[in-house]
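K.L.:
A single structure is presented below for examination.
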Amino acid sequence: MSNFQGKSVLVLGGSRGIGAAVVRRFAADGANVTLTYAGSQAAAEQLAAETGSTAVVTDSADRDAVIERVRESGPLDVLVVNSGVAVFGDALDQDPDAIDRLFQINIQTPYHASVEAARQMPDGGRIIVMGSVNGDRMPVPGMASYAVSKSALQGLARGLARDLGPRGITINVVQPGPIDTDANPENGPMKDLMHSFMAIKRHGRPEEVAGMVAWLAGPEAGFVTGAMHTIDGAFGA
Ligand code: NDP
């Protein structure tokens, strides 16, 4: 028997990487899953066909489109806000529009999507946002905007947990360390530096993060809210 039979799950940013693993996990556990994508239409449609989920285009940089997508999804049992981007480079040289777009995708969309989902969510619903261990520890230069955005999600979870707790709705942040995806391939140039910070010297797998998301969304985690859940091989320890 699966935990999520018939449950309604929306994964924002579910076409690739960690988001795709989350989609696969919930679909395998019996949920009715909708995933959003922006650029990766082919990957999204293939994943939807493989898993029996539904893929819809929604740009997480477009606040009103995200709110509309969440509203149209109806009462969600689980919302996962996974879409996220990084902008690398010297903070003094970066295009402020690129930084604001990052803040839109990584901070404002998780906020507005969570609030919108809560309007129709049944009691006991689950909201999970994808943070990063970089919300706690940023050991390299050139990623301040990303660190800002992932730290902001901690405040989001702490604050909304208070608003939604009376309805038994939980909100939690999953904080991965290096995970082997297109955004951070294990065979990339940063591998040795990243592994030097870690106790378990490998990248995590998207499926390992999806397992934590599924636990937080499941019946055993009803008392877990407003909290950060790090899965990082001790990158941040
Ligand atoms: P990938 O770049 O591999 O995948 C990103 C996913 O987010 C894709 O499905 C992409 O969809 C979607 N996405 C990005 N921008 C948008 C947008 N504007 N609108 C809709 N969807 C969007 O990233 P990861 O899987 O590695 O990362 C997923 C999350 O995990 C992010 O929040 C990231 O910050 C976080 N994270 C990742 C770590 C890692 O080491 N990989 C470590 C810590 C945190 P599409 O291609 O269709 O645009």
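K.L.:
I'd like to check something: does the range 223-235 contain any residue that is touching a residue at least 40 places away in the same chain (Cβ under 8 Å), at positive phi and in contact with a helix residue (DSSP H, G or I) (Cβ under 9 Å, 6 or more places away or on another chain)?
P.N.:
yes
K.L.:
State whether one or more residues within the range 130-146 are outside any helix (DSSP H, G or I) and free of Cβ contacts under 8 Å to residues at least 12 places away in the same chain.
P.N.:
yes
K.L.:
Does Thr58 meet the test of being over 18 Å from the mean Cα position of the chain (by Cα), surrounded by 14 or more Cβ atoms within 10 Å (Cβ to Cβ), closer than 26 Å to Gln175 by Cα and free of Cβ contacts under 8 Å to residues at least 60 places away in the same chain?
P.N.:
no
K.L.:
Got at least one residue in the range 14-26 being out of contact with any Pro (no Cβ under 7 Å at 6 or more places or on another chain), away from the ligand (no atom under 12 Å from the Cβ), open to solvent by 20 Å² or more (accessible area, probe 1.4 Å) and at pLDDT 95 or above?
P.N.:
Yes.
K.L.:
Just give me the residues in the range 199-226 being under 16 Å from Gly19 (Cα atoms), crowded, with 20+ Cβ neighbours inside 10 Å and either more than 14 Å from the ligand (Cβ to nearest atom) or among the basic types (Lys, Arg) (or both), in sequence order.
P.N.:
Once the filter is applied, which keeps residues that are under 16 Å from Gly19 (Cα atoms), crowded, with 20+ Cβ neighbours inside 10 Å and either more than 14 Å from the ligand (Cβ to nearest atom) or among the basic types (Lys, Arg) (or both), the range 199-226 yields Ala214, Leu216, Ala217.
K.L.:
Looking at Val85, Val78, which one is away from the ligand (no atom under 16 Å from the Cβ), under 15 Å from the mean Cα position of the chain (by Cα) and crowded, with 16+ Cβ neighbours inside 10 Å?
P.N.:
Among Val85, Val78, only Val78 is away from the ligand (no atom under 16 Å from the Cβ), under 15 Å from the mean Cα position of the chain (by Cα) and crowded, with 16+ Cβ neighbours inside 10 Å.
K.L.:
Considering only the range 44-67, how many residues are more than 7 Å from the ligand (Cβ to nearest atom), farther than 25 Å from Gly124 by Cβ and in a helix (DSSP H, G or I)?
P.N.:
Result for the range 44-67: 9.
K.L.:
Now, a different point. Going through the range 118-129 one residue at a time, which ones are away from the ligand (no atom under 16 Å from the Cβ) and not in a loop (DSSP other than H, G, I, E, B)?
P.N.:
Ala118, Arg119, Gln120, Arg126
The values are calculated or read from the model by the stated rules, or taken from the named source; none is laboratory data. No experiment lies behind these values; they were computed from the predicted model shown. All Cβ positions, even for glycine, are placed from backbone atoms using ideal geometry, and neighbour counts span all protein chains on display. The protein model used for the area step is the full one, side chains on, heavy atoms only, and it has no ligands, DNA or RNA in it. Shrake-Rupley method; radii C 1.70, N 1.55, O 1.52, S 1.80 Å.
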